[in-house]
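The values are calculated or read from the model by the stated rules, or taken from the named source; none is laboratory data. Since we're looking at a predicted model, the values are computed, not measured. Positions of Cβ are backbone-derived with ideal geometry, glycine not excepted, and every protein chain shown enters the neighbour counts.
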Amino acid sequence: MTMGFLDNITLGLSIALSYHNLLYCFLGVLLGMVIGVIPGIGVLASISMLFPITFYLDPTTALIMLAGIWYGSSYGGSTAAILLNIPGTPSNAVTALDGYPMARAGRGGVALFMTTIASFVGGSIGILVMTMFTPVIAPYALRFGSAEYFSLMVFGLVAASTISGGSVAKGLAMVVAGLMLGTIGADMYTGVPRFSFGFFELTESVSLVALAMGMFGISEVIATVRRIKPGDIDVDSVGLRAMLPTRDDWRRSWLPTLRGSGIGSFFGTLPATGPAVAAFMAYAVEKRSSSDPERFGKGAVEGIMAPEAANNSADQTAFIPTLSLGIPGSPTMALMLGALLVHGITPGPALLTESSDLFWGLVMSFWVGNLMLLILNIPLIGLWVRLLMLPYTWLYPAIIMFICIGTYTVNNSIFDIWLVLVFGFLGYVMRIFDWPTAPLLLGFVLGPLMENHFRRAMLLSRGDFATFVESPIAATSIILTVVALAWGLWSSQRNRKRRAAALQR
Amino acid sequence: MYSKDYTDIVGGLVLICLGLVFSAYAATHYDIGTIRRMGPGMFPTILGVALAIFGAAQIVPALRRAGNKPDIRVWTPIFVLGACGVFALMLRSCGLIPAVITLTVVASLAELEIRPLRMAAISAILCLASWLIFVVAFGLNVPIARWPF
């Protein structure tokens with residue numbers, strides 16, 4: 001780091017505030033809001049739908065827009081969670097626990113207003129953490145060799161697929177399936193086309209866009225059609241006048257918001273957890289530390305502030321490992337990484353020095369975007385509520401069309417549309433077998449990098465596996481992997497017992 | 001309810017088969033190399049075996065517990081995937097507008113009811129949107145409408 005901190009901020013602001021980037025940042029957060037509000041379209045599906053557009057933009061602008069969709073959807077997701085009890089995104093599920101009772105009690109407007117504030121505070125604290133820590137981590141990571149990277153990736157993949165609480169075997173199986181899909185295409189050392197089965201299009205590699213669109217977009221449509229009914233909402237309860245919180249609301253809220261932001265910032269950086277887990281943890285902490293836990297689940301304002309602050313700060317800090325190490329902690333981050341790779345930029349410690357304008361421009365655009373969301377959210381609540389009532393019948397043909405044309409535009413390839421069909425079918429089959437899709441996408445993106453590091457590490461160590469324990473960082477990652485595995489096994493066992501107990505009752 | 005969790009058992013078997021076939025294909029078609037100097041076949045072969053192991057790990061606990069009948073939809077996937085398929089077939093030969101209209105009609109059938117008016121309205125909106133966004137704004141080079149024969 002040769003430049004001072006202030007210089008970096010100025011550089012970032014000058015990029016984020018350029019007319020062009022402001023426009024795309026606005027587009028990103030607006031789309032994110034819309035997508036977050038409408039139930040039945042996930043963030044992943046929408047980012048992959050808009051992924052093709054980013055090929056027309058320069059990498060900084062592309063990332064600014066994709067990131068805007070990502071954190072914008074968390075803002076919007078709370079609206080559906082509070083008013084309809086349907087979380088717009090998984091990370092808003094916890095918000096519905098107390099937000100929906102608030103709406104039922106005629107305090108929906110207050111809840112929406114307060115979550116907007118919580119989201120803004122959480123997002124801002126997350127950005128602050130990111131600005132401070134990424135430059136500290138990056139120079140350290142510059143010394144990482146292949147053995148270290150491989151072990152870190154193993155840890156990231158194992159943690160991401162096991163900690164979520166589902167079946168450990170299924171999560172790991174899907175990681176491996178993703179890695180297998182990643183091996184399709186030319187071998188990086190010899191150029192041998194692997195698993196191309198005579199398809200010329202497969203000698204390159206499977207298109208990330210086609211995979212993400214099929215697996216997350218199409219299969220989501222298949223599972224959602226005829227399932228979502230537009231709800232009835234009391235429009236009066238969300239008018240501007242009904243939004244004013246009481247003094248009691250403020251007094252109860254500020255500490256949970258700060259605590260939630262802290263918890264979110266921490267869990268956002270970990271490879272496994274991300275915003276959904278962060279929101280859940282924040283809620284649990286508030287409920288446990290409350291002097292009056294009985295109020296939770298019945299419309300306690302703390303119960304919406306803490307998780308909303310947490311998921312928004314986690315949205316921001318999730319970028320730390322992605323940008324400084326090149327290891328994405330969640331499928332969304334994997335898509336961000338994919339967007340960078342497509343533009344020929346390899347995320348990692350060198351990113352901060354070589355593309356410092358990209359990094360600082362992106363970080364500063366987060367502030368701008370969060371501010372835009374604050375301004376967008378409150379006066380336009382009426383519009384968001386109307387959007388909520390849009391029936392899915394009208395939406396899903398549009399989703400399918402955007403997915404098909406969008407995929408086609410990436411490589412002007414009809415073959416990629418057929419791939420979408422194949423992955424859409426696969427994604428649906430995975431739903432039936434209850435196999436998680438997120439680990440598969442992570443494995444697919446990391447697969448080629450992982451194989452490369454594995455082979456290089458083995459080459460350097462002359463085939464000695466001890467290289468993975470000799471370096472302290474690699475050894476720590478391996479130990480953490482074992483811990484994550486044990487934790488995953490334990491928690492899935494516990495979840496299963498609870499479910500069995502619930503069934504018997 | 002099933003007496004055993006057959007969904008997971010079948011799923012595990014599928015994983016085992018997939019893994020072993022993948023491994024065998026990689027091992028027979030590509031050079032394995034040595035641990036020190038790996039060929040293109042090594043990593044895929046390891047992965048296939050790993051998938052089979054995790055598949056087996058999924059079966060073991062499923063043998064000892066009861067399971068639910070999976071909820072499988074038949075017609076919805078056919079219409080949704082069919083919409084993608086007809087679009088892939090028609091985009092270049094018939095042009096964008098006919099492809100979008102056919103896509104919308106096939107996709108709408110996934111509702112399992114036919115509402116001609118709504119279908120027409122959605123088609124019209126999507127034709128306009130796709131033309132404006134992809135052809136006018138992004139300059140996508142596809143025929144708008146043409147006779148394929």
- request: Any residue in the stretch A:130-141 that's more than 11 Å from A:G348 (Cα to Cα): show its pairings with residues that are outside any helix (DSSP H, G or I) at Cβ separation under 7 Å, as long as the two are six or more apart or on different chains.
  value: A:P135/A:M1
statement: Every listed condition ((1) more than 10 Å from every other protein chain (Cβ to nearest Cβ); (2) part of a loop (DSSP other than H, G, I, E, B)) holds for A:R498 save (2)
query: What are the residues in the stretch A:407-453 that are at the interface with chain B (Cβ under 7 Å from one of its Cβ atoms), among the aromatic types (F, W, Y) and assigned to a helix (DSSP H, G or I), if any?
result: A:Y408, A:W418, A:F425, A:Y428
- prompt: Is it fair to say A:T393 is modelled with pLDDT of 80 or more, in a helix (DSSP H, G or I) and among the polar types (S, T, N, Q)?
  reply: yes
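For (1) crowded, with 19+ Cβ neighbours inside 10 Å; (2) at the interface with chain A (Cβ under 9 Å from one of its Cβ atoms); (3) part of a helix (DSSP H, G or I); (4) free of Cβ contacts under 8 Å to residues at least 24 places away in the same chain, each residue gets a yes or a no:
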| residue | (1), (2), (3), (4) |
| --- | --- |
| B:V49 | no, no, yes, no |
| B:V80 | yes, yes, yes, no |
| B:F87 | yes, yes, yes, yes |
| B:L91 | yes, yes, yes, no |
| B:I101 | yes, no, yes, no |
| B:I125 | no, yes, yes, yes |
| B:S130 | yes, yes, yes, no |
| B:V135 | no, no, yes, no |
| B:P143 | no, no, no, no |
- prompt: Which residues, taken from the stretch B:96-139, are closer than 17 Å to A:L395 by Cα, of a type in the set (V, I, T) and out of contact with any Phe, Trp or Tyr (no Cβ under 9 Å at 6 or more places or on another chain)?
  reply: B:I101, B:T104, B:V105, B:I114
- line: Per the filter on the stretch A:197-226, residues more than 10 Å from every other protein chain (Cβ to nearest Cβ), more than 15 Å from A:L421 (Cβ to Cβ) and in a loop (DSSP other than H, G, I, E, B) are A:G198, A:E204, A:S205
statement: Just one listed residue, out of A:R462, A:R496, A:R455, is in contact with a Lys or Arg (Cβ under 9 Å, 6 or more places away or on another chain), basic (K, R) and closer than 25 Å to A:G178 by Cα, and it is A:R455
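Per-residue answers, yes or no, for (1) in contact (Cβ under 8 Å) with a residue 12 or more places away in the chain; (2) farther than 19 Å from A:R251 by Cα:
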residue	(1), (2)
A:S291	no, no
A:N312	yes, yes
A:A318	yes, yes
A:T322	yes, yes
A:M364	yes, yes
A:L380	no, yes
field: Matching residues in the stretch B:108-121 - criterion: being assigned to a helix (DSSP H, G or I) and within 8 Å of chain A (Cβ to nearest Cβ)
entry: B:S108, B:A110, B:E111, B:R118
- request: Could you tell me whether any residue of the stretch B:27-36 is facing chain A (nearest Cβ under 10 Å), out of contact with any Ser or Thr (no Cβ under 9 Å at 6 or more places or on another chain) and either at pLDDT 95 or above or over 30 Å from A:G463 (Cα atoms) (or both)?
  value: no
query: Regarding B:V105, is this residue facing chain A (nearest Cβ under 10 Å), on the phi < 0 side of the Ramachandran plot and surrounded by fewer than 20 Cβ atoms within 10 Å (Cβ to Cβ)?
result: yes
- line: Scanning the stretch A:113-160 for residues that are of a type in the set (S, T, Y) and under 30 Å from A:L83 (Cβ atoms) gives A:T115, A:T116, A:S119, A:S124
message: Checking the structure you have, find out if any residue of the stretch A:462-476 is in contact (Cβ under 8 Å) with a residue 40 or more places away in the chain and within 14 Å of chain B (Cβ to nearest Cβ).
response: yes
message: So A:A466 passes all but one of these: (1) at pLDDT 85 or above; (2) more than 29 Å from A:L341 (Cα to Cα). Which condition number does it fail?
response: (1)
message: I'd like to check something: does the stretch A:229-236 contain any residue that is modelled with pLDDT of 80 or more, more than 14 Å from every other protein chain (Cβ to nearest Cβ) and part of a helix (DSSP H, G or I)?
response: no
The lone exception for A:P347 - which of (1) crowded, with 23+ Cβ neighbours inside 10 Å; (2) at pLDDT below 85; (3) farther than 21 Å from A:F319 by Cα; (4) not hydrophobic (A, V, I, L, M, F, W, C) it fails: (3)
query: In the stretch A:33-54, is there at least one residue being modelled with pLDDT under 80 and surrounded by fewer than 18 Cβ atoms within 10 Å (Cβ to Cβ)?
result: no
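To keep it simple, each residue is scored yes or no on (1) modelled with pLDDT of 80 or more; (2) not in a helix (DSSP H, G or I).
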residue: A:S313; (1), (2): yes, no
residue: A:Q316; (1), (2): yes, no
residue: A:P321; (1), (2): yes, no
residue: A:G329; (1), (2): no, yes
residue: A:L340; (1), (2): yes, no
residue: A:T353; (1), (2): no, no
residue: A:V368; (1), (2): yes, no
residue: A:L373; (1), (2): yes, no
residue: A:L387; (1), (2): no, no
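Filter the stretch A:378-406 down to the residues that are among the small types (G, A, S) and more than 24 Å from the chain's Cα centre (by Cα) and list them by number. Outline the logic, then answer.
Going residue by residue through the stretch A:378-406, those that are among the small types (G, A, S) are A:382, A:398, A:406.
Residue satisfying the conditions is A:G382 alone.
Could you please find all residues in the stretch A:15-45 being touching a residue at least 40 places away in the same chain (Cβ under 8 Å) and of a type in the set (S, T, N, Q)?
Within the stretch A:15-45, the first condition is being touching a residue at least 40 places away in the same chain (Cβ under 8 Å), and the residues that meet it are A:15-17, A:20-22, A:24-45.
Hit for the stretch A:15-45 is A:N21, nothing else.
Can you find, within the stretch B:55-72, the residue that is modelled with the lowest pLDDT among those that are assigned to a helix (DSSP H, G or I) and in contact with a Lys or Arg (Cβ under 8 Å, 6 or more places away or on another chain)?
Restricting attention to the stretch B:55-72, the residues satisfying the condition of being assigned to a helix (DSSP H, G or I) are B:55-62.
Checking which are in contact with a Lys or Arg (Cβ under 8 Å, 6 or more places away or on another chain) leaves us with B:58, B:62.
On the way: B:Q58: 90, B:A62: 87.
Step by step, filter the stretch B:55-72, then rank; the result is B:A62.
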field: Residues satisfying the stated conditions in the stretch A:206-226, i.e. surrounded by fewer than 20 Cβ atoms within 10 Å (Cβ to Cβ) and either within 24 Å of the chain's Cα centre (by Cα) or in contact (Cβ under 8 Å) with a residue 60 or more places away in the chain (or both)
entry: A:A223, A:T224
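From the residues in the stretch A:124-173 that are polar (S, T, N, Q) and in a loop (DSSP other than H, G, I, E, B), which one is surrounded by the fewest Cβ atoms within 10 Å (Cβ to Cβ)? Before the answer, list the steps.
Filtering the stretch A:124-173 down to residues polar (S, T, N, Q) leaves A:124, A:131, A:134, A:146, A:151, A:161-162, A:164, A:167.
After this cut, where a residue has to be in a loop (DSSP other than H, G, I, E, B) as well, the list is A:164, A:167.
Details: A:S164: 21, A:S167: 25.
Filtering the stretch A:124-173 for residues that are polar (S, T, N, Q) and in a loop (DSSP other than H, G, I, E, B), the one surrounded by the fewest Cβ atoms within 10 Å (Cβ to Cβ) comes out as A:S164.
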task: Name every residue in the stretch A:278-311 that is surrounded by fewer than 24 Cβ atoms within 10 Å (Cβ to Cβ) and outside any loop (DSSP other than H, G, I, E, B), in order of residue number.
output: A:F280, A:M281, A:A284, A:V285, A:K287, A:R288, A:S289, A:P293, A:E294, A:R295
- prompt: Within the stretch B:54-63, how many residues are crowded, with 17+ Cβ neighbours inside 10 Å and either more than 7 Å from chain A (Cβ to nearest Cβ) or in contact (Cβ under 8 Å) with a residue 60 or more places away in the chain (or both)?
  reply: 2
